[in-house]
Amino acid sequence: MADDAKENDEPEDGDEDGAARKPGKMKLIILAVVGVVVLAGGGGAGAYFMGVFNSEKSMETAEADVPKELVKKPAHYYALPEITVNLSTAETRATYLRMNISLEFAEKSMIADVEPNMPRVMDAFQVYLRELRVDDLGGSAGLFRLKEELQRRINLAIYPARVDDILFNDIKIQ
């Protein structure tokens with residue numbers, strides 16, 4: 001009788017133990033496969049609803065729905081000559097700002113309005129830039145303020161023409 005209890009509690013061969021482990025492994029594999037299928041299906045459905053699988057024809061339809069005021073027209077660019085100015089500093093050592101700027105126009109005809117007024121534009125830039133300190137140009141906020149101020153000054157100098165944006169090609173502070 002003691003031997004019978006021993007046989008029921010502890011298997012002698014690996015047969016019963018191996019048989020007990022197989023269903024657990026199978027369940028784990030099945031759960032993993034089901035999980036992968038569910039995730040792939042959810043990802044595919046999300047991509048479908050986000051429009052990843054849209055054809056070019058449906059993209060053209062989506063572009064046709066955009067109001068004409070929001071459609072960006074082709075831009076025209078005009079590169080200004082390089083600008084070098086001595087920045088305002090309290091130090092005895094001079095600090096220089098060197099910039100290459102391009103102007104963006106909505107219409108190509110406005111470029112012809114800028115060229116005769118280039119001395120006025122360069123004067124407006126020089127007067128403003130010479131009063132800047134190195135701290136004024138720090139970080140992206142400083143460059144954003146510089147861009148906005150230069151655009152305001154050039155639009156005053158070339159009125160009635162209008163610059164849509166100022167693009168920094170190169171900025172160096174030495």
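Read the figures in this text as sums done on the coordinates, not as results from a lab. Keep in mind it's a predicted model, so treat the numbers as computed, not measured. Neighbour counts run over all protein chains shown; Cβ positions are idealised from the backbone, glycine included.
Observations, loosely collected:
- Net +/- balance of residues flanking ASN169 in space, Cβ distance below 13 Å, scoring K and R +1, D and E -1: -1
- The calculated FRET efficiency for SER88 paired with LEU143, based on their beta-carbon distance and R0 = 22 Å, is about 0.80.
- Rounded if a/c under 1.5, otherwise prolate or oblate - the stretch 76-173, Cα gyration tensor axes: prolate
- Summing charges over neighbours of ARG130, with a neighbour being any other residue whose Cβ is under 14 Å away from its Cβ, gives -1 when K and R count +1 and D and E count -1.
- Rough spin-label spacing in nm, given labels placed 7 Å along Cα→Cβ, for LYS72 and LYS25: 5.8 nm
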